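Asks: I have a structure here, written as structure tokens, and I will follow up with some questions on it.
The values are calculated or read from the model by the stated rules, or taken from the named source; none is laboratory data. None of these values were measured; they are calculated from a predicted model. Note: ideal-geometry Cβ built from the backbone for every residue, glycine included; neighbour counts use all protein chains shown.
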Ligand SMILES: NC(=O)c1ccc[n+]([C@@H]2O[C@H](COP(=O)([O-])OP(=O)(O)OC[C@H]3O[C@@H](n4cnc5c(N)ncnc54)[C@H](O)[C@@H]3O)[C@@H](O)[C@H]2O)c1
């Protein structure tokens, strides 16, 4: 084993910034292993690049299958690659999001096929990643981390390793399961709160109450209220996925997470609700609809689980002509510019509020003949658009 050799397995949204951050610390010799070719100085598609690393950090995807059951195939495959070269003294750290129990029930048996014993011969730790792509303040270098391991001594070593490159608090948890559970409850917390305001949006839309104003009012309570905002759906690799990991694991243990399932159901219903808002105003058959923002989040190009996919699908099923436009995913655009997309359309559905869409002023919409705006992120100027004679509808707004 080569002291301070670090290898990151899976150089995607999580693994690559982490590799870059650790590489800044001259103490470490940082390598990367990925199935794909990745632009990082010491990245390789050859698994032997992992050999003799003191720290191996696994950042591979943990998606769900079509039936929403966890898909552990990438994690299992990465662990088999690690097991093939495992040696005494190595620290294996899982950063991928998993449900409580996965490290000990799935990862550990694969690693121990090497003949070595976890917690004594090698350490197995979980340090859930909390990165928030596109966030100008919080990034891989300054977000506090929780770490759980098989052994207490190993946990301290791994925590100190993170302390050497993360400028934030590193908390040593009592065990792997607790560390695994922290990440899952963080993301289910968000899913449930968003589902709550999405449900309120539907109810307040019927009652004619502006939910945005209500949330603003409630937010001046200095304690016990945290604003969340309704929208056309929840996307990305985490929030719409991780709750299923907990739902699934608890089911195996004999518990039915009905509340989490309901939250998933409500958030999954928002794309259809968004299209319904438009169809109540105008028949969708042959309607030309500009769909702005295909990625799931403002100012990022990540398309995973984006509600825009479902919105496009429903619109097309109902006979609308969809003119997609996303400056962050230009290969999907139907027209080269925002203006040309507006020209081809009668209505707009805004799915993701990229900075470029701040240009969607009432004046511009009128100029290009837009008659209806469905604002899936409640970000456009409702008052000005309405005053300009365009029908505006937000989500609960
Ligand atoms: N993206 C986020 O915002 C975010 C935030 C927190 C946690 N997470 C979690 O981090 C993990 C990684 O997510 P991501 O967004 O970086 O995924 P990603 O798809 O961007 O990157 C994963 C990388 O792993 C590679 N890979 C897949 N299987 C492999 C294997 N067997 N061996 C080597 N490489 C392999 C892929 O080629 C890809 O480059 C997931 O568990 C996710 O839930 C993601």
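Asks: In region 28-82, how many residues are over 23 Å from the mean Cα position of the chain (by Cα), in contact (Cβ under 8 Å) with a residue 60 or more places away in the chain and in a strand (DSSP E or B)?
Replies: Of the residues in that region, 1 qualify.
Asks: Being modelled with pLDDT of 95 or more and within 11 Å of the ligand (Cβ to nearest atom) is true for just one of 2, 92, 9. Which residue is that?
Replies: The conditions single out 9.
Asks: Please note which helices (runs of 4 or more DSSP H) are completely contained in region 178-286 and include at least 1 residues that are in the same structural domain as residue 352 (by TED's automatic domain parsing) and out of contact with any strand residue (DSSP E or B) (no Cβ under 6 Å at 6 or more places or on another chain).
Replies: Because the criterion is at least 1 residues that are in the same structural domain as residue 352 (by TED's automatic domain parsing) and out of contact with any strand residue (DSSP E or B) (no Cβ under 6 Å at 6 or more places or on another chain), the helices (runs of 4 or more DSSP H) in region 178-286 that meet it are 242-252, 258-281.
Asks: On to the next question. Taking region 21-38 as the region of interest, how many residues are within 13 Å of the ligand (Cβ to nearest atom) and out of contact with any helix residue (DSSP H, G or I) (no Cβ under 6 Å at 6 or more places or on another chain)?
Replies: The qualifying residues number 5.
Asks: For residue 84, indicate whether it is more than 20 Å from residue 27 (Cα to Cα), assigned by TED's automatic domain parsing to the domain that holds residue 155, within 15 Å of the ligand (Cβ to nearest atom) and out of contact with any strand residue (DSSP E or B) (no Cβ under 6 Å at 6 or more places or on another chain).
Replies: Criteria met by residue 84.
Asks: Residues that are crowded, with 20+ Cβ neighbours inside 10 Å and at pLDDT 95 or above, at least 2 per element: which strands (runs of 3 or more DSSP E) completely within region 117-173 meet that?
Replies: Hits in region 117-173: 123-126, 145-149.
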